[in-house]
Structures are given as C-alpha cells and as structure tokens.
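Scroll down for the structure; my scribbles are underneath it.
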Amino acid sequence: MFLVKKTWIRTHVARQIKPELNGQEVHLVGWVHEIRDLGGIKFILLRDASGICQITAKKSELSKDELSALEELGNEDVVYVSGIVSEEPKARLGVEVRLKKLGILSKARQPIPYDVTGKVPAGIDTRLNYRILDLRKPENRAIFRVATTALEAIREFFLKEGFVEIRTPKIIATATEGGAALFPVQYFDRTAYLAQSPQLYKEQLTTVFEKVFEIGPFFRAEESHTRRHVSEFTSVDIEMAFADIYDVMNVLERLIAHVIDAVIKNNAEELSLLNATLKPIQLPLKRFTYKEMLEELRKEGRELKWGDDFGTEENRILGKKHPYYYFITHFPTKTKPFYIQPCEEDPEVSESFDLMYQWLELASGGTRISDRSLLEKRLKEQGLNPENFKSHLSVFDYGMPVHAGWGLGFDRLMMVLTRRTNIREVILFPRDKFRLEP
Ligand code: AMO
C-alpha cells in the first residue's frame, strides 16, 4: 500500500482557537486565505472548513527552513502550522497563533485567478466559472451550512409525522409537468426523459405508504434565463392519501415554520455572515384565492382576464403588497397540470395552490384527481394521449384513495432563508441553458 507520508498532526480546527487556549501549543492544517506582510512580521489567515484564524510569524524567531517556507507561501496553499496560542486584542477574534513550525503540504499555482477573500468583487458568471474557489469564501460556504440544517430539519419533520421517504426514477417515459420543458435522453434504442418531478410515482405510492416524501433532483429544460429558474433543481415533494388541499397546505406551512426555527437555532453565525435576519413565522399563513388576486391586480391597474397566468410582472406587484409568505389558491383548472382536481361546484376552478414568498413562487400543489375516467378526460383536454400513461392509469383500477400533495423548490426556499436573489448562489454547481460547466 502506498500512503502519502504524514508530516503533520492536527490538534485543533480554526474555530477552536479562542483566548481560553492562551499559552497552549496547537497544530493546525488548512488553506492560506490571506497573507499580510509587515516587514519583520507576517500575518497568515489560515482557513479550514470550520473558519479562519490568524497565524502570526515573527521572522526573527524562525529557523532558516521555516523562513524560506514562509517566503514561498501563496494564497490557497495547503499548509501545516504549529504554534502557541496567544491572546491578542488587535487580532481577529482577539487571539492569534504565534508560528513555530510551517510546512507546505500542497502548493497552489500562483497567481490564483480569483480572489477568495472577496476584496475584488466579481460578477455571478465569473464566480461560477471559478466555483470551487468562490465556495471557499466564508459567506458562500455559510449558504450550504444553512442548507444542511434545512435538509435535516425537513427530514426530521416528516419522520416525526409518519411519512416514508421515497426515491422515484429520474429517467422516465412521459412528461408530467408539460412537454415543453423536457430533456430527452438516449435510453438504449429509444428516447426517455429526465424526470421533471416525482408526480406520478408519488401519487401511486400513496396507495402503499399513505404519506410519502422525497427530496431529490429534478430537471426542466428551461428556456427562460431568470434568477429563479435552473435546469436542475432540488425539490421537496409530498403526497398524502385521504387528504385534500387544506390538509397539505397545513403540512407545508408547518414545515416552513419548522425549518426557519431550526435555521435560527443552529445558524446564527452563518446568518450573520450572510447579512440575513430570520424571524419565526406566525401561522396560519394568509390565504387568497386567484380571483381575489385578480381583483387586487385590477386595483393596481393590471387588468387580467380570468384564466390568465400571473407572470413575473403580476407576481412583483402582488409581492409588494404581500411582503411575506402567503398562499394563492383555486387557480383556473386550465392553467394547471392534468392531475389537479377541478372543484366539484365549479370545474373551471381547481383545488390548487401556490405558496409565495413576496414575488417568488416557492411551492405548488393541490388535491389530485383520484378517479380514472376523469383523469383520462383531463389528459385528453390537455392534448395528451392516455395511451402514454397506461401504467400510471392502471394503478387507479386497484384502489386509489383521495389524495393531495405539493412540490417545494428547495433552492428557492434557500434563496429566501439566506436572502440571496439569484438561485445560482444557493446551488453548488448550477445548471442552466448556458452553463454545463463546472
Ligand atoms: P411545479 O412545476 O410548480 O409543480 O414545481 C414545484 C416547485 O418547484 C420549483 N421549481 C423550480 N425551481 C428552480 N428552477 C426551476 N426550473 C423550477 N421549476 C420548478 C418551484 C416550484 O414552485 N408536481 C408539481 C408539484 C405538486 O403538485 O406536487 C410541480 O412540479 O419552487
């Protein structure tokens, strides 16, 4: 077996370097975040996954080897340092490590093409081109720590409520959310598609587990290049048997409240790095019907006909009037996918909803059609061929309960929690029409 010779030890990580350790010897590894040279003294900001600490090197106190390593040091080099912790009121966090030993474990090619310290501002495209460097910036790493908390809180919430976690296929035979945004894939000798959502499978699985959830990647061939659309996004989906729109809206708002509480509890430091303040939310969230929103828009001088979709402009107007989380319910049936249940008393209106945050749609859902013949009728009305949905339709012959559910765009929720305005910021390696790399 070949091993890279271990020439270092690690007793602490950067965030553990506190004034309480005054006088103690510590051994650290990490990346050179920044170097400041004051002539006889050099300050190295050492960054590891936990944070950043200051290493202070007095040239007069170093051996020849240490000195030459110090002179050679460049940003993003991976280094090993040891030294004595010293309280230093002038240092970041009131403490520094006085360097005794320094070793370069991996040299970074200089100059680094991108400023990790953030002193040189960069546009989103440059940032994404150098994403792995961009992610080393403390505030960008903070986003994904918040995401980790949010994902854990989501799982915890569903498991407590008796949901079963499912993983549905990502290579599928038919569109579920409209044919235009489909990615075809060569599947042996035929064409398959990347899944746009787990819709049909999650509905089917309610006949087995009753309450299911999935957190997974889904794909949309989005032509529109906006700050809230990407080609690959993470969706949190649920589906519940013996439930209607109101039951699942209730689950959704309680989930959002739970996630916010968890982030407030666990990520104070990250939120402060991100300059984001979060407050617990009051439930129930406000609910408006599509019809009420049409009226609001009309009052704002925006005349829409019943059945028109709300576009960016309409959502912006509504967002200004409702600068918070709110539901819009009962959209026109014809604007919704084939699986959404029309209202019994007025089939032009559907048992559907969107969850909004200001102008941003976070989730959509509704009661589903559970009757096979109605579903076939709706497929045809939307110009779809029931033949292509044969295996899905057959499930409706073997005991299909009334059911409802929703899909929540996890990345969009992350935008709100971390106060980022471009969805690409909250995705490690975002994909859109113009970006397939890195
Ligand atoms: P819908 O198509 O509204 O509904 O998608 C649900 C949520 O997913 C997010 N989302 C996206 N996020 C980023 N980029 C995209 N291209 C993108 N497309 C969608 C949004 C959206 O609200 N099957 C239904 C849900 C259901 O009824 O259960 C569905 O997919 O936040």
Condition test on GLU314, is it within 21 Å of LEU362 (Cβ to Cβ) and open to solvent by 70 Å² or more (accessible area, probe 1.4 Å)? no
Just give me the residues in the range 123-143 being surrounded by fewer than 16 Cβ atoms within 10 Å (Cβ to Cβ) and among the hydrophobic types (A, V, I, L, M, F, W, C), in sequence order. ILE124, ILE132, LEU135
Test each condition in (1) within 31 Å of the chain's Cα centre (by Cα); (2) within 30 Å of ARG431 (Cα to Cα) for GLN110 and report the one that comes out false. (1)
Only listed residue being assigned by TED's automatic domain parsing to the domain that holds LEU255, open to solvent by 10 Å² or more (accessible area, probe 1.4 Å) and part of a strand (DSSP E or B), chosen from GLU361, GLU345: GLU361
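Residue by residue, here is whether (1) of a type in the set (Lys, Arg); (2) more than 32 Å from the chain's Cα centre (by Cα); (3) part of a helix (DSSP H, G or I) holds:
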residue	(1), (2), (3)
THR7	no, yes, no
GLY30	no, no, no
ILE44	no, yes, no
ILE52	no, no, no
ILE55	no, yes, no
SER68	no, yes, yes
Can you tell me which residue in the range 249-301 is most open to solvent (accessible area, probe 1.4 Å), limited to those that are in a helix (DSSP H, G or I) and hydroxyl-bearing (Ser, Thr, Tyr)? SER272
Regarding the range 16-31, can at least one residue be identified that is among the small types (Gly, Ala, Ser) and surrounded by 15 or more Cβ atoms within 10 Å (Cβ to Cβ)? yes
When the range 302-316 is examined, which residues are found to be assigned to a helix (DSSP H, G or I) and either in contact with a Gly (Cβ under 9 Å, 6 or more places away or on another chain) or closer than 18 Å to SER352 by Cα (or both)? ASN315
Where in the range 170-248 are the strands (runs of 3 or more DSSP E), entirely inside, with at least 1 residues that are without any contact (Cβ under 8 Å) to a residue 24 or more places away in the chain? 184-187, 190-194
Can you name every residue in the range 397-435 that is surrounded by 20 or more Cβ atoms within 10 Å (Cβ to Cβ) and in a helix (DSSP H, G or I)? PHE410, ASP411, ARG412, LEU413, MET414, MET415, LEU417, THR418, ILE423, ARG424, GLU425, VAL426
Quick one: in the range 219-247, which of the residues that are within 14 Å of the chain's Cα centre (by Cα) and more than 17 Å from ASP354 (Cβ to Cβ) is farthest from the ligand (Cβ to nearest atom)? ARG227
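The values are calculated or read from the model by the stated rules, or taken from the named source; none is laboratory data. Please read all numbers here as calculations on a predicted model, not as lab measurements. A quick note on method: Cβ atoms are made from the backbone with ideal geometry, for glycine too, and the neighbour counts reach across all protein chains shown. With ligands, DNA and RNA removed, areas are computed over all heavy atoms of the protein, side chains included. Shrake-Rupley method; radii C 1.70, N 1.55, O 1.52, S 1.80 Å.
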